[in-house]
Amino acid sequence: MRIAGVAVGLAMALVLALHLFGGSPRDGSALVPVSVSIDVRHPGARVPREFLGLSFELASLPQIARYASGGDFASMLRSLGAGVLRFGGASADTRVAWTDVDTPLPAWASFALRAGDLRHLRKLASESGWHILLTIGLAHYDPRAAAREAAAAKMALGGWLAGIEIGNEPDSYARHNLRTAPWTPARYNAEVSSYRRVIARVAPGLALAGPGVSGSAAFTRWGAAEASAQRPALLTGHHYPLGCHQLPAPTIARLLSTRTRRAEDASLRRYLSVSRADATAFRLDETNSVSCGGQPGVSNTFASALWAVDYIARAMLAGVVGVNFQGNPANCRGYTPVCTPSPRQLARGALRAQPEWYALLLSKQLIGDRPVRATTSPSPANVDVVALLGPRGNLHLVIVNDDPPTAKHVTVKLHVGSRFGAATILPLTAPSPTATTGVRLGGSTVGGDGRWHAPASPERRPNRAGTITLDVSPDSAILVTVASGRAPSG
């Protein structure tokens with residue numbers, strides 16, 4: 001079990017021991033107890049109100065924007081609280097172009113973005129309470145068209161426009177024959193500066209986010225250069241733990257492996273090292289399980305929800321200010337938090353919650369919490385725990401068990417002391433890690449109207465003499481809420 005973080009208060013230091021041993025073990029063996037030392041002298045910042053987000057291809061903006069006038073999407077977004085909708089992806093540079101009376105649609109573009117689309121998007125933003133991060137294409141260099149698009153976005157969206165990005169994954173332009181090599185951060189920033197000068201004349205005051213690179217390895221150069229040259233309001237980058245072209249092909253076992261988690265933690269450290277050095281907040285503005293739209297049998301399964309719960313919690317611990325999960329509402333076999341299987345339902349906006357949507361619903365409970373760093377001795381592998389202190393003094397612990405279904409349960413003994421009371425349990429479950437349906441959070445599913453209702457009588461675990469005992473099954477996640485207040489003495 002690897003425990004990423006716990007928060008227990010500002011005025012005390014706590015040593016928390018988690019004893020993991022077989023709960024109803026199949027082989028009768030016992031697990032090794034794990035001790036966790038907590039350092040609360042340097043608590044993390046509160047998880048921002050708009051931490052949760054979704055990301056879509058810019059080509060899908062007209063369709064999604066019209067869901068403000070019908071369908072379930074606005075109510076689904078409201079169920080997550082506040083958030084950020086980002087529109088970008090490869091289509092922002094290669095398929096979508098701005099058009100208006102002064103800007104004819106260029107021959108290379110297969111999708112048009114118009115002022116009417118942005119007005120529909122404002123309605124969706126206002127009905128859902130979600131802000132918009134908009135990518136303006138750079139690959140087909142046209143500062144004047146970009147300025148007209150930015151001005152139209154500012155006029156249509158007003159205060160709902162959180163900012164603009166200029167280009168999508170610009171570090172990859174040379175690899176995709178969108179620029180000649182050598183294509184460098186300096187060349188990119190020269191083009192961005194040209195765009196910004198023209199945009200500032202017609203739409204002053206727009207916040208810049210970027211550079212939206214393909215991964216943290218590129219970010220150490222491109223993000224640092226962006227921070228220095230552009231002084232953006234927000235640094236951004238992307239993350240996919242598995243690649244669509246990898247051999248052997250991506251699998252559930254690899255997605256949920258300790259090797260993947262270690263690589264992700266290293267990636268988060270690279271992103272945040274640049275962010276902190278330049279005192280500029282960082283947002284993962286595009287992420288999901290497998291690149292290139294996802295891998296059927298991996299990205300659309302319950303395993304993707306387990307991965308998402310754990311990754312969101314570790315991103316909170318690292319200090320990321322937000323995470324946007326990439327999706328495609330027309331492709332239920334790939335990665336996407338919401339989708340629909342038929343063109344008719346897509347047009348109506350009759351979207352369904354996919355497994356990853358349940359991960360977002362669970363993570364919503366952590367908004368406003370504060371994490372701190374923790375150390376464990378020893379550090380077993382297959383169960384990950386992240387814990388945070390809620391604004392009212394309660395503890396939240398996210399426990400994800402990535403063991404395969406054949407593994408035994410683990411029994412977790414939380415030694416929280418007498419400061420805390422009983423715990424309630426919100427389980428995230430499904431029939432198997434490969435399941436694409438039957439996902440439940442707290443025993444409930446997301447309804448046809450896009451809403452989810454928390455259980456009226458959640459599972460409870462008593463605090464007996466400072467200890468709370470939990471049973472965590474393989475391939476599941478639970479959110480444990482430990483109430484503030486004194487435990488009974490007996």
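Structural remarks
- Tally of residues being in a loop (DSSP other than H, G, I, E, B), touching a helix residue (DSSP H, G or I) at 6+ places or on another chain (Cβ under 7 Å) and either under 23 Å from residue 169 (Cα atoms) or not assigned by TED's automatic domain parsing to the domain that holds residue 164 (or both) across region 89-117: 2
- If you go through region 260-302 and keep only what is under 20 Å from residue 245 (Cβ atoms), in contact (Cβ under 8 Å) with a residue 60 or more places away in the chain and over 14 Å from the mean Cα position of the chain (by Cα), you end up with 297, 300.
- Output for region 470-490, where each listed residue is polar (S, T, N, Q), in a strand (DSSP E or B) and within 27 Å of the chain's Cα centre (by Cα): 476, 481
- Pairs where the first residue, in region 53-69, is charged (D, E, K, R) and the second is surrounded by fewer than 24 Cβ atoms within 10 Å (Cβ to Cβ), C-beta under 8 Å, 6+ apart: 57/90; 57/91; 57/328; 66/120; 66/349
- Residue check, residue 147 under 16 Å from residue 193 (Cα atoms), touching a helix residue (DSSP H, G or I) at 6+ places or on another chain (Cβ under 9 Å) and small (Gly, Ala, Ser): yes
- Test: residue in region 266-282 that is in contact with a helix residue (DSSP H, G or I) (Cβ under 7 Å, 6 or more places away or on another chain), assigned to a helix (DSSP H, G or I) and of a type in the set (Asp, Glu): no
- Qualifying residue in region 323-336 (condition: at pLDDT below 95, assigned to a loop (DSSP other than H, G, I, E, B), in contact with an Asp or Glu (Cβ under 9 Å, 6 or more places away or on another chain) and not β-branched (Val, Ile, Thr)): no
- Subset tally (residues that are modelled with pLDDT under 55, outside any loop (DSSP other than H, G, I, E, B) and more than 24 Å from residue 313 (Cα to Cα)) for region 22-64: 2
- All of 283, 276, 269, 254 fail the test of being within 23 Å of residue 476 (Cα to Cα) and in the same structural domain as residue 221 (by TED's automatic domain parsing), apart from 254.
- Hey, residue 178 out of contact with any Pro (no Cβ under 8 Å at 6 or more places or on another chain) and modelled with pLDDT under 95 or not: no
- Criterion (assigned by TED's automatic domain parsing to the domain that holds residue 87 and closer than 26 Å to residue 66 by Cβ) met by exactly one of 208, 178, 157: 157
- Within region 118-143, tally of residues that are of a type outside the set (A, V, I, L, M), assigned to a helix (DSSP H, G or I) and closer than 24 Å to residue 233 by Cβ: 4
- Entirely in region 363-469, the strands (runs of 3 or more DSSP E) that have 1 or more residues that are surrounded by fewer than 22 Cβ atoms within 10 Å (Cβ to Cβ) and of a type in the set (D, E, K, R): 409-415, 459-461
Table: residues versus (1) surrounded by fewer than 18 Cβ atoms within 10 Å (Cβ to Cβ); (2) of a type in the set (Lys, Arg); (3) within 12 Å of residue 57 (Cα to Cα).
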{"residue": "92", "(1), (2), (3)": "no, no, yes"}
{"residue": "95", "(1), (2), (3)": "yes, yes, yes"}
{"residue": "105", "(1), (2), (3)": "yes, no, no"}
{"residue": "120", "(1), (2), (3)": "no, no, no"}
{"residue": "131", "(1), (2), (3)": "no, no, no"}
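- Failed item in (1) free of Cβ contacts under 8 Å to residues at least 40 places away in the same chain; (2) under 27 Å from residue 67 (Cβ atoms), with residue 321 passing the rest: (1)
The values are calculated or read from the model by the stated rules, or taken from the named source; none is laboratory data. It should be emphasised that the depicted structure is a prediction, and the values quoted were computed from it without experimental measurement. So basically every Cβ, Gly included, is an ideal-geometry build from the backbone, and we count neighbours across all protein chains shown.
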